[in-house]
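Following: one structure in structure tokens, then a few remarks.
The values are calculated or read from the model by the stated rules, or taken from the named source; none is laboratory data. Predicted, not measured: the structure shown is a model, and the values here were computed from it. In this analysis, Cβ positions are derived from the backbone assuming ideal geometry, glycine residues included, and neighbour counts consider all displayed protein chains. Side chains included, ligands, DNA and RNA excluded: accessible areas come from the protein's heavy atoms. Shrake-Rupley method; radii C 1.70, N 1.55, O 1.52, S 1.80 Å.
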Amino acid sequence: MVRYRTWLRPGRLYPIVVLTALSLAGCALGVLNRWFLLFLLPLSAFGYVSVILLGSAYRLGPGGAQRRIHELIASQVPGGRVLDIGCGSGSLAITIARRCPDATVTGIDSWGPGWHYSRQLCEENARVSGVTVRFERGSGAALDFPDAAFDVVVSCMTFHEIRDKADCVREALRVLRPGGRFVFVDPFADPAYYPTPPRLPGSSCPLGDLVDLPFPLRHPKVLGRVLLLAGLREH
Ligand SMILES: C[S@@+](CC[C@H](N)C(=O)[O-])C[C@H]1O[C@@H](n2cnc3c(N)ncnc32)[C@H](O)[C@@H]1O
């Protein structure tokens, strides 16, 4: 069975859920002494964040929005030599390989600590899905490929993870051949990540206009500021 993981890091989710549970337990002790009701304050704050995070994990999860977003990106890939930057557990690269049997698909990722993704997981998912995808460890900020090595470059929710986002976009376009197609999904409209959004040839569209994003995925801190940028590399 394929095992795709959600985009939420467990290291960020678990502490908030534990703090919510502790605040709730503190409130329950209000039957002994009303001073315990002061726990209502942290409960409201942690509880709100917990609802957003747990709701997002559920909505993104298997068969949820992540799969639909990967299908959307894959539907814009014509085939050829395809690179997925930050391939995670391999879901997007494998979706492309399934839709375009003649494509040569490569996925790279740093698979750093804090993520529950790995190269082995990607390879196992590709094997179970019956497709061939080459997975390699590498950094999106300095790709180990020659110029113009790919016909298509895609990336989904990865650039914002990398410190120098401008380098990633430059690198992605460097390995794309002139006239080749790029499809990037990232919170490009979030000034916290992109004080200066990249200016690329082609179209820019809020993800929520292209895919049904139920609550809480439209929240600005979840996918509300995510754009899909797509176009052709100029010569
Ligand atoms: C939110 S996940 C998205 C995974 C995948 N693109 C997807 O759509 O399922 C972000 C990914 O960025 C990867 N990542 C973080 N820093 C990276 C870097 N410097 N180079 C390549 N990948 C990186 C992480 O390992 C993780 O797999």
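Below, the figures for the structure above:
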quantity	calculated
For the stretch 154-208, radius of gyration divided by Kirkwood radius, i.e. Rg to Rh on alpha-carbons	0.93
Relative contact order computed over the chain (Cα-Cα under 8 Å; 6+ residues apart), in percent	17
Part-to-part distance (alpha-carbon centres) for the stretch 92-140 and the stretch 34-87, which is given in Å	20
Residues with amide H under 5 Å from that of VAL153, placed H, sequence gap 5 or more	LEU83, ARG181, PHE182, VAL183
Amide H partners (placed H, <5 Å) of GLY80, local residues excluded	ALA103, THR104
Estimated distance in nm for a label pair at VAL2 and ARG98, the labels positioned 7 Å out from Cα along Cα-to-Cβ	0.3
Max mean-square fluctuation residue, GNM over the chain, Cα-Cα springs under 10 Å, options ALA74, ALA148, ALA65	ALA148
Helix 65-75 axis, angle to the chain major axis (alpha carbon atoms, nearest 10°)	10
Cβ-placed point charges (K, R +1; D, E -1), dipole of the stretch 180-221 about Cα centre in debye, nearest 20	100
Phi to ³J(HN,Hα) by Karplus 6.51 cos²θ - 1.76 cosθ + 1.60 over the stretch 140-153, Hz, x for Gly, Pro	x, 7, 8, 6, 8, 9, x, 4, 6, 7, 10, 8, 9, 10
Net charge, PRO113 excluded, C-beta distance under 15 Å - Lys, Arg +1, Asp, Glu -1	+3
Positive dipole terminus of the chain, leading residue within TYR193, PHE145, GLY26 (C-beta point charges)	GLY26
Most positive-pole-ward Cα, SER91, SER75, THR106, against dipole of the stretch 75-129 from beta carbon charges	SER75
Cα-centred dipole magnitude for the chain, charges only on beta-carbon of K, R (+1) and D, E (-1), debye, nearest 20	440
Debye, to nearest 20: dipole size of the stretch 37-152, +1 on Lys, Arg Cβ, -1 on Asp, Glu Cβ	380
FRET efficiency, ALA148 to ARG12 (Cβ-Cβ, R0 30 Å, nearest 0.05)	0.20
Length-normalised contact order of the stretch 10-60 in % [C-alpha pairs under 8 Å, at least 6 apart]	39
Most to least accessible of TYR194, TYR48 (protein chains only, probe 1.4 Å)	TYR48, TYR194
Listed residues VAL169, VAL18, VAL77, most fluctuating in the chain (Gaussian network, C-alpha, under 10 Å)	VAL18
